[in-house]
Ligand SMILES: Nc1nc2c(c(=O)[nH]1)N[C@@H](CN(C=O)c1ccc(C(=O)N[C@@H](CCC(=O)O)C(=O)O)cc1)CN2
């Protein structure tokens, strides 16, 4: 068997074709959406992700605002930047690019983001709404995973999904999304305390690997025909490596590669969240 590729890049392009007229309609009413990013420090991967987000904004007609700040910025000064964006009418949605340096308090910064401008769905109020099943912006990577599977017709209703990793940007909110009535999946969230990860993966119809451990998922762990999404990335001397061994493509029915799978979908869902927030906003 050779897996069908879940092509995140092509899907992102299709989503941008759908967003462009919606942005143009908002612009005609003088309500052009504006995405801001807050980037702290010099991490090359974070810089590359943020660059990609702004390039994408230009492609669909969303205005962009960049805040690039030194790694040694203090908490109070950074909170000042957040307050500025909360008050800026040109910024209709924004994100704090994660991770930020250890001396800063991520939780209190995310809490400070005006929930109406929370483009990442990571403000505790947005996450609480997700838990309660109320409308809210959804975290971009989990939303991108669900959207990618939906567009390729991968069945989630009644499926057993194994998620590797319980981080706040992927694993934990993904479990919440997949167990909504609209998705109706049964989720096993695996983490460092999971006794037999291979056993959990081998009975899953869908595997999402977001552990950040190169080649952790091997073909022997995968049920033939399962959908496998490679989300984790580790940057070594030989370049970036995903969590999924390349030979998994011989066993899986569907494979979301890394790069080219969930990463572009994360960007597409960020812009979707920004457009939706602008559409909801009252002039
Ligand atoms: N505030 C947030 N921070 C982070 C998030 C997030 O959703 N919100 N997720 C990740 C990083 N991320 C988005 O910010 C992200 C990761 C990867 C990609 C992407 O397009 N990757 C490409 C490869 C590009 C490259 O290697 O440079 C791919 O997979 O094809 C986009 C966004 C952590 N931080």
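Bear in mind these aren't lab numbers, they're just calculated from the coordinates by the rules spelled out. Being a predicted model, the structure only gives us computed values, none of them experimental. Positions of Cβ are generated from backbone atoms using ideal geometry, with glycine treated the same way; all protein chains shown enter the neighbour counts.
Just a few scattered comments:
- Remark: relative contact order (region 30-116) = 42 percent; criterion is Cα-Cα distance under 8 angstrom and separation of 6 or more residues.
- Each residue, residue 234 and residue 2, gets one label point 7 Å from its Cα in the Cβ direction; the gap between the two is 2.8 nm.
- Region 140-264 - percent relative contact order, Cα under 8 Å, separation 6 or more: 22 percent
- In this entry, region 175-228 is assigned a mean projected area of 4.1 nm², taken as a quarter of its C-alpha convex hull surface.
- Net lengthening on full extension, residue 71/residue 83 (0.36 nm per residue, minus Cα-Cα): 2.4 nm
- Helix 75-87 and the longest principal axis of the Cα set of the chain meet at an angle near 70°.
- On the beta carbon distance between residue 43 and residue 220, with R0 = 30 Å, the FRET formula returns roughly 0.30.
- Radius of gyration and Dmax over the Cα atoms of region 140-264, both given in Å: 13.0, 43
- Approximate spin-label separation residue 98-residue 51, in nm, with each point projected 7 Å along Cα-to-Cβ: 2.4 nm
- Using bins of 10 Å that start at zero, the share of Cα-Cα pairs per bin across the chain amounts to 7, 29, 35, 23, 7, 0, in whole %.
- For region 107-166, the fraction of C-alpha pairs more than 19 angstrom apart is 42%.
- Theoretical FRET efficiency, 1/(1+(r/R0)^6), r = Cβ-Cβ of residue 111 and residue 202, R0 30 Å, to 0.05: 0.15
- Region 30-116 - Rg (one decimal) and Dmax (whole number), Cα, Å: 12.8, 40
- Added length on full extension, which subtracts the Cα-Cα distance from 0.36 nm per residue, residue 180 to residue 131: 16.7 nm
- If you model region 217-277 as an ellipsoid using its alpha carbon gyration tensor, with each semi-axis the square root of five times an eigenvalue, the axes come out at 26, 16, 7 Å, biggest first.
- Likely footprinting exposure, 237, 155, fewest C-beta neighbours within 10 Å first: 237, 155
- For the chain, the relative contact order is 23 percent, taking Cα pairs closer than 8 Å that sit 6 or more residues apart in sequence and dividing their mean separation by the residue count.
- Ordering 7-16, 115-124, 269-278 by mean Cβ neighbour count within 10 Å, with the highest value first, yields 269-278, 115-124, 7-16.
- Between the helical axis of 140-151 and the longest alpha-carbon principal axis of the chain there is an angle of about 60 degrees.
- Dividing the summed -39500 (n - 2.57) terms of all DSSP H runs of n ≥ 4 by the residue count of the chain sets its mean residue ellipticity at 222 nm at -12500 deg cm²/dmol.
- Spatially, region 168-240 and region 78-107 are offset by 30 Å when compared through their Cα centroids.
- In terms of surrounding Cβ atoms within a 10 Å radius of their Cβ, 191, 245 rank from fewest to most as 191, 245.
- Considering all C-alpha pairs of region 60-156, those separated by over 15 Å amount to 67%.
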